[in-house]
Structures are given as C-alpha cells and as structure tokens.
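Reading through the structure tokens given below for one structure.
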Amino acid sequence: MDKSIPHIAAFGFRALNGVDGGIETHARELYPRLANLGFRITVLSRMQFQQQKRTSVSIDEAAPNLTSKSLYAPTTRGLEALIHSAIAAGYCVFQRPDVVHVHGIGPSLFIPILRLFGLRIVMTHHGPDYDATKWRWFGRAVLQIGEGLGVRSANAVICVSNYIRDLIRRKYRVDAHTIYNGLPNSQSIEPPRDRHLRSLETRRYVLMVGRLTPHKRIEDVIAAMTDRDLADIELVVCGSGSEQDLYVQHLRNLARQQRNVKLLGFVSPEDLPWVYANSLCTVMASSYEGMPLAVLEALSFGSPTVLSRIPAHEELMLPAIQYFDLGNVEGIRACIHHVREQPPDTRSMAATTIDDRFDWDTIAAQTQSVFVQTIESATSDKKAVH
C-alpha cells in the first residue's frame, strides 16, 4: 500500500460487508470509490461483525487502498458503539491519519479529544438518533451532547439531507455540507439466490427494509395488514435485530399471530433488488430518518413507496397520496389500497425525484472535495505557524 497518498481512517459503523444498516450501506458504497479517487482508506470495524479472521485485511480487490481493521467492541446494548468508538479514537491518535471520518452523533463524542491531539476531523451526521424511541433520557442526553460536541469541534460537517443541515444550523449556528445518500446501480436485477425469497409472489407482498428497531414502527404496518381486504397480501420485512432485544421479540410474537407477516431477517444486498422490484410497494413508517437508503433503493428498483410524513421523507417530494401521518394505521392501509388499485408510474416518480445528488460517484467526488479542503487547511495552518 502506497503510504505517500492521503490516509483516511473511518469509524462509526459496524462493518462494511455482511451487515445491514443505512450507515453500513453508505460506507460500503462510498469508501471503495474514495480509495479509487486517491486516498488510502482504513475502516475501523467492530470485531464481532468483521467477516475475515485477520485483524487487518484488504476488503475490495478493485480498491487495493481500502483495508478494514477489526477492533474490539462489547456486545452489550448501549455500550457497543460507545466503547468501540473510544478504542477507534485511540487507534487514530497513534496512527495519525490525515483525516478521521466519523459517522453518527454518538461516536462524535470523541471528536474534541481527537482535535486535542491535532487530528483533522470530518463528521457525517446521519440523523438525530436521540429521536429514536429506544433511548431513555440518559441515552438521549449522551447523543445530544455528542451531536453538539461533534458539529462544533469537527473541521467539516457533512449532512445526508437538507433537513439535518438546517437542524444543526438552527441549534448550533454551524454551517455544513449537504451530501446525500446514494442510489444503487439499477442496471441488473437477478433472481435471488435465497429459495425463501424466490417463493414470494410478484406484486402480492408489501415490503419493509431496515433493521428491527423501534423507530421504524414496524408494528404499525403489521397492524395495518390485519385489514380483511389485505388478507391475501403478505407483509415481508427484510432486516436483522438482536434476538435478545425486547422489541424484536415483540415483533416476532406479532408475526406469529398473523399468517400474512414474514420476518425474513438479513437479506443480502445482491438479493434485495429483486425483492424491491417484485413488491406491491415499499413502506417506511419511521418516526425519524436522516435520508433513508431503503426509500432510495425502492425508487431505484421500481417499487412504489408509502412513507410516514416526517421531514426526511417529505424532502423527496413524492405525491401526497403516498404519505401518511406518523402512527396512523388507517392512513397506512389507505395508502396501500391506493397503490394496489392505482399503481403509480414508478419510472416517472423516480425520474422526478432522482438526480445526480443521489449518484454515488457524485457523492464520492463531493466527499473527496471536503477531505481535500480539510487536508489543505491543515497544511496552510502549519505554514502560518512557521
């Protein structure tokens, strides 16, 4: 690996490969592109999610300057991300990369410490995680502190939506770059390798994609599917969650009580395009999002979307009939019935919603520009001192 090119270390997510999640998908698409744009990238993965057994490995043959370093993280809920971020910050202090790229407001707690050691930081704000219903008052307070420390201390802040950028402008009077999440390549849709997926009937299931967490409000959609007129339609949920999690156990109990609900667990990124393309519609009932990749993927692969009326969803400016008020089960049913009776023109919808803002190559180039500005400002600061 060429050590003469700028070195970027990144943390704030679990791993790149074999893990579902919005930030993980974001990192999986972004870092190989950045590696090919002239950076040496080290992603700091959590040990229990790292697929390879070695502690430091190249993870993409097409991007030889991209490696993954496996670091310890406990499995205790609420401590996993915090302790891993502390260890990752310590790693960065000793390795001294040219830029540390921190994802999320929880890991951003450690940005002031990194700055004290003279490191340059780019923070990506993926959403106000303290709005998630899973957090109690202490967790919310820690996340809000992390947000404040991160956006005030980082050399540059990236937000994945204008909604988040405007939020931190109001709260902290800090300016930021808006660089959206991107869309996958929609050129090829191959039949899924998983035989359970191949048994799904085209246009006979409603789809939800995402981790099984309370803020996704999956139970609202399960309740909507109890409608007698939807008895011949399945709800298919693609996403993982800890079996020890009480919310996951609650969802499994609800699914057992309803024949037309399937919790499929983790579905590989290679199989998801087919699942989207053959669905009746994709529903996102979340109480908050940053810029939801599942919605962008659904649009890309031709699945009509039905969305809760929250700022991140409304930023996409889809037809009003495809939105419902948060927590409104009857509203979800009405939207699904409408899609079933009058399927929208998904090509037209995608064409009016999707532009270069959501192209991963554009996103990588925009992120490259932020990194270069951050490195150049560090160089100019050193010259000014001398």
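The values are calculated or read from the model by the stated rules, or taken from the named source; none is laboratory data. Quick caveat, the model's predicted, so the values are computed rather than measured. Backbone-built Cβ (ideal geometry, glycine too); neighbour counts: all protein chains shown. These accessible areas exclude ligands, DNA and RNA; they are computed on the full protein's heavy atoms, side chains included. Shrake-Rupley method; radii C 1.70, N 1.55, O 1.52, S 1.80 Å.
Listed conditions (1) buried (at least 23 other Cβ atoms within 10 Å of the Cβ); (2) over 17 Å from G22 (Cα atoms); (3) among the hydroxyl-bearing types (S, T, Y) are all met by S286, apart from (2). The residue that is most open to solvent (accessible area, probe 1.4 Å), counting only those in segment 239-258 that are in a helix (DSSP H, G or I) and out of contact with any Asp or Glu (no Cβ under 9 Å at 6 or more places or on another chain), is R256. For segment 220-238, taking the residues that are outside any strand (DSSP E or B) and of a type in the set (A, V, I, L, M), the one that is nearest to the chain's Cα centre (by Cα) is identified as V221. P64 meets each of the listed conditions (1) of a type outside the set (A, V, I, L, M); (2) at pLDDT 85 or above; (3) over 28 Å from Y172 (Cα atoms) apart from (2).
The residues listed here are V261, V275; of these, the one that is open to solvent by less than 50 Å² (accessible area, probe 1.4 Å), among the aliphatic types (A, V, I, L, M) and within 22 Å of the chain's Cα centre (by Cα) is V275.
The single condition among (1) surrounded by fewer than 19 Cβ atoms within 10 Å (Cβ to Cβ); (2) at pLDDT below 95; (3) on the phi > 0 side of the Ramachandran plot that G210 does not satisfy is (1).
Scanning segment 316-343 for residues that are in a loop (DSSP other than H, G, I, E, B) and under 14 Å from I218 (Cα atoms) yields L326, G327, N328. Selection of first residues in segment 10-36 that are closer than 22 Å to G241 by Cβ and of second residues that are among the aromatic types (F, W, Y), restricted to Cβ pairs under 6 Å at least 6 apart or on distinct chains, gives the following pairs, ordered by first then second residue: R14/F49; A15/F49; V19/F49; D20/F266; I23/F13; E24/F13; A27/F13.
Note on segment 109-141: residues that are under 21 Å from A10 (Cα atoms) and either part of a helix (DSSP H, G or I) or open to solvent by 50 Å² or more (accessible area, probe 1.4 Å) (or both) total 11.
Of the residues in segment 142-165, at least one is in contact with a Ser or Thr (Cβ under 7 Å, 6 or more places away or on another chain), open to solvent by 20 Å² or more (accessible area, probe 1.4 Å) and under 23 Å from F358 (Cα atoms).
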